[in-house]
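Down below is the structure, laid out as structure tokens.
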Amino acid sequence: MEMMIETYSQSETEEFGRRFAKALLPGNVVALYGDLGAGKTAFVRGVIHGMGKEVPVSSPTFSIVNEYYIPGGKIAHFDMYRIGSEEELYGTGFYDYLDGKNIILMEWSENVPFAVDEDAIRITIEKGEGDTRRIRIVSPGELKF
């Protein structure tokens, strides 16, 4: 499945993330791609709020991962900006989250292509003019949201 949508403000990007959350299941890995300031964290904030966690959400740039508990598991929000090798990724505990109970949201997935398997949902966010964002979703299966 492949789809493209446009949003015209940060709040619309967050709202799309909130709706997209309805499609996610335990075990899903969402690989996010995009330049600095593209809207990856805004989208993730929407997803986390859409999963019922009305908490502040920021990019885990220095902590590498933030966890949000949901019924039956966790959402693990990774920032891969500073990860340069599989050994470094291993040291973050990333592979421990791949137990089928958690949802993984990975910003800067382009830095860890070895961690993005064929079952991952790939989302690319591109800046357009002003606050416009083009969001491209590629999924190995059908998504309903």
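Considering every residue within the range 87-110, establish whether at least one is assigned to a helix (DSSP H, G or I), more than 12 Å from Val30 (Cβ to Cβ) and touching a residue at least 40 places away in the same chain (Cβ under 8 Å). Among the residues of the range 87-110, at least one is assigned to a helix (DSSP H, G or I), more than 12 Å from Val30 (Cβ to Cβ) and touching a residue at least 40 places away in the same chain (Cβ under 8 Å), which makes the answer yes.
Within the range 39-67, the set of residues being touching a His at 6+ places or on another chain (Cβ under 9 Å), among the β-branched types (Val, Ile, Thr) and surrounded by fewer than 20 Cβ atoms within 10 Å (Cβ to Cβ) comprises Val55, Val65.
Residue check: is Tyr68 hydroxyl-bearing (Ser, Thr, Tyr), modelled with pLDDT of 95 or more and either in contact with a Gly (Cβ under 6 Å, 6 or more places away or on another chain) or not in a loop (DSSP other than H, G, I, E, B) (or both)? Steps first, answer last, please.
Working: hydroxyl-bearing (Ser, Thr, Tyr): yes; modelled with pLDDT of 95 or more: yes; either in contact with a Gly (Cβ under 6 Å, 6 or more places away or on another chain) or not in a loop (DSSP other than H, G, I, E, B) (or both): yes.
Spelling it out, Tyr68 is indeed hydroxyl-bearing (Ser, Thr, Tyr), modelled with pLDDT of 95 or more and either in contact with a Gly (Cβ under 6 Å, 6 or more places away or on another chain) or not in a loop (DSSP other than H, G, I, E, B) (or both).
In the set (1) of a type in the set (Asp, Glu); (2) more than 20 Å from Phe16 (Cβ to Cβ); (3) part of a strand (DSSP E or B), the condition left unmet by Glu126 is number (2).
Here is a yes/no grid of residues against (1) within 24 Å of Phe16 (Cα to Cα); (2) in contact with a strand residue (DSSP E or B) (Cβ under 7 Å, 6 or more places away or on another chain):
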| residue | (1), (2) |
| --- | --- |
| Gly39 | yes, yes |
| Val47 | yes, yes |
| Gly50 | yes, no |
| Ser59 | yes, yes |
| Ile75 | yes, yes |
| Glu88 | no, no |
| Leu98 | no, no |
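Within the range 83-102, if we keep just the residues that are surrounded by 12 or more Cβ atoms within 10 Å (Cβ to Cβ) and in contact with a helix residue (DSSP H, G or I) (Cβ under 8 Å, 6 or more places away or on another chain), the residue that is nearest to Tyr68 (Cα to Cα) turns out to be Phe94. From the list Thr132, Thr124, the one residue that fits, being touching a residue at least 24 places away in the same chain (Cβ under 8 Å), more than 24 Å from Glu67 (Cβ to Cβ) and surrounded by 17 or more Cβ atoms within 10 Å (Cβ to Cβ), is Thr124.
Can you go through Val47, Val116, Val57 and tell me which one is at pLDDT below 95 and under 16 Å from the mean Cα position of the chain (by Cα)?
Checking each option against the conditions leaves just Val57.
Does Ala38 satisfy the condition of being in contact (Cβ under 8 Å) with a residue 40 or more places away in the chain, closer than 11 Å to Glu107 by Cβ and in a loop (DSSP other than H, G, I, E, B)? Considered against the rule, which asks whether it is in contact (Cβ under 8 Å) with a residue 40 or more places away in the chain, closer than 11 Å to Glu107 by Cβ and in a loop (DSSP other than H, G, I, E, B), Ala38 comes out as yes. The criterion of being under 29 Å from Gly130 (Cβ atoms), of a type in the set (S, T, N, Q) and more than 13 Å from the chain's Cα centre (by Cα) does not hold for Thr41.
The values are calculated or read from the model by the stated rules, or taken from the named source; none is laboratory data. Just so you know, these numbers come straight off a predicted model, no measurement behind them. As a convention, Cβ positions derive from the backbone with ideal geometry for all residues, glycine included, and neighbour counts pool all protein chains shown.
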